[in-house]
Structures are given as C-alpha cells and as structure tokens.
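Take a look at the structure set out below.
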Amino acid sequence: MSPRPGFLLDEHISLAVAEGLRRRNLDALHICEAGLSGAPDERIMEAATELQRLLVTRDIGDFSRLARIYLHFHRSFPGILLVSPSIPEKDPGVLIDAVLKWTSQYGELDQIAGGIAWLPVPDGQDTDQRVRETRPRYMRALERIGATI
C-alpha cells in the first residue's frame, strides 16, 4: 500500500482550495506557497515530480502534453488530476469536495503514478473516474507479464 498523495495546486486554482484540503488533513501546497508563481509549466511539472505530489490543474492541454513528453522519454511523474470545466472556479468548496471524493476512491500514489485522471464532476453523476493510462499500451502489457524495460 502506497502513501496517501500530497497535492500541488496550479496557479489557476484558488489558494483557498489548498487551505481547505489542509483543514481536512490532506497534504496540499499551492504553487505560490512553493515559490513557483508565474513559473513555466515545465518547471511546475518538475516541482510536482521532485516533491512527489499530484498536480491538480485546470490547464488540461499543456499538462497533458507534458505528461506525454515525460512518458516518451521514460521519465516518471506522480500523476495529474485534471479539474473538469464543469467545476466552477469561483466556488473552492466544489473543488475541495471533488479532491476529497477522488482521494476516498483512489487515494494512493500507485493508483495514478504516471497517469492522468479527471476529478469527479460536482453534480453527483456516477461516471467512471478511473485513471486514464497515459503510458503506451506495450509498456502496460510488458508490466503485466513482469517484464522490465
């Protein structure tokens, strides 16, 4: 069993979300608290990897692209939680609830390492929020049979 993940929240997410997660005993750090305000996405991805924290972001396109680059070059990263556009920016409580829901379902680092997952949508729809594998299929197949690359 791996440890519960810590979270690194991207700059387009309210600092109130990090504070709310900490009040609920989750390890959360906003990039402004880490001295990364205005840092390029590449540096934020590096920081999430160095700190072994899941990156929580609304920047779906850029961080999905970075995840693919990491995987192409066989670099590991803790994982990325994408905030659905249906989660309102102006209501930090909804995002806090989404992170709590995800953590209660998939709250271990090995559940998402090297992958990307959508945070649950706030309207209570029972959609499948499993981690979407971003590793190439051949790598997953080799891992299942115990091969190393």
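Some points to look at:
- Part-to-part distance (alpha-carbon centres) for region 71-85 and region 4-31, which is given in Å: 17 Å
- Net length gained if the chain between residue 32 and residue 16 were fully extended (0.36 nm per residue, minus Cα distance): 4.6 nm
- Anisotropy class of region 47-90 from Cα gyration tensor, a/c 1.5 cut: oblate
- Evaluated at q = 0.12, 0.18, 0.22, 0.23 Å⁻¹, the base-10 log of the normalised Debye intensity for region 3-119, with identical point scatterers placed on the Cα atoms, takes the values -0.36, -0.85, -1.34, -1.47.
- Among the chymotrypsin sites (Phe, Trp or Tyr not before Pro) in region 33-109, those placed in a DSSP loop whose Cβ has at most 15 other Cβ atoms within 10 Å are 73.
Rule-based calculations on the coordinates, nothing more; no lab input. Everything quoted here is computed from the prediction, not taken from an experiment. As a convention, Cβ positions derive from the backbone with ideal geometry for all residues, glycine included, and neighbour counts pool all protein chains shown.
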